[in-house]
1. Out of (1) surrounded by 10 or more Cβ atoms within 10 Å (Cβ to Cβ); (2) at pLDDT 75 or above; (3) in a loop (DSSP other than H, G, I, E, B), the odd one out for Ile68 is which?
2. Touching a residue at least 24 places away in the same chain (Cβ under 8 Å) and either more than 30 Å from Ala16 (Cβ to Cβ) or surrounded by 10 or more Cβ atoms within 10 Å (Cβ to Cβ) (or both), is that true of Ala76?
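The values are calculated or read from the model by the stated rules, or taken from the named source; none is laboratory data. Computed from a prediction, not measured in an experiment: that's the story for all the values here. Neighbour counts are summed over all protein chains in view; Cβ atoms, including those assigned to glycine, are modelled from backbone coordinates with ideal geometry.
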Amino acid sequence: MKPEDEEPTEEELREAAALAAALEPGAAARKDGARGDAAPAPGDALETAALLRQARAPLAVSPAHEPIAAAHVAPALDARRSRGRRRARVWIATSLVAPAAAAVWLLFAMTVSRQAAPPAANLPPAPTADLLAVQAAATRGGGQASAALAALDSKMRAYRRQYHEGLRRHGGGAP
């Protein structure tokens, strides 16, 4: 790459003129005054000119060939339009069906859960008055503390046995 402050060489100027002449055939004649003293255009300049010309020029079909081109293109355009309509219908249907299905499932799940029998409460039996009296005596402490704790232990064992029997009877199994 050359620095920008250097002047172009004579060869670069000739190639630029050849490219300009290939892009616009009348440009070299206007610049030089005659076409005869310009060098023939190099092959890469002609290829570049052809690519540039095709890039900016729209595709032109002669009027005689328009019906033939339209006959070839029409089925492809119709198929593309029908595919687009079909996709739109699928998206609309999906956007309506998916929320409706979710609402139906939610309604069904809520109805089934309300109709189901409530689970059997595995609550422990209410403590007896004797058990509560023994607990109160054990918490007071005092001189009879060891006897109160022994009585509490025996009452708590009976209470647990009663609770486990209730679980077995109602299908709760052993803890």
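1. The failed condition is (3).
2. no
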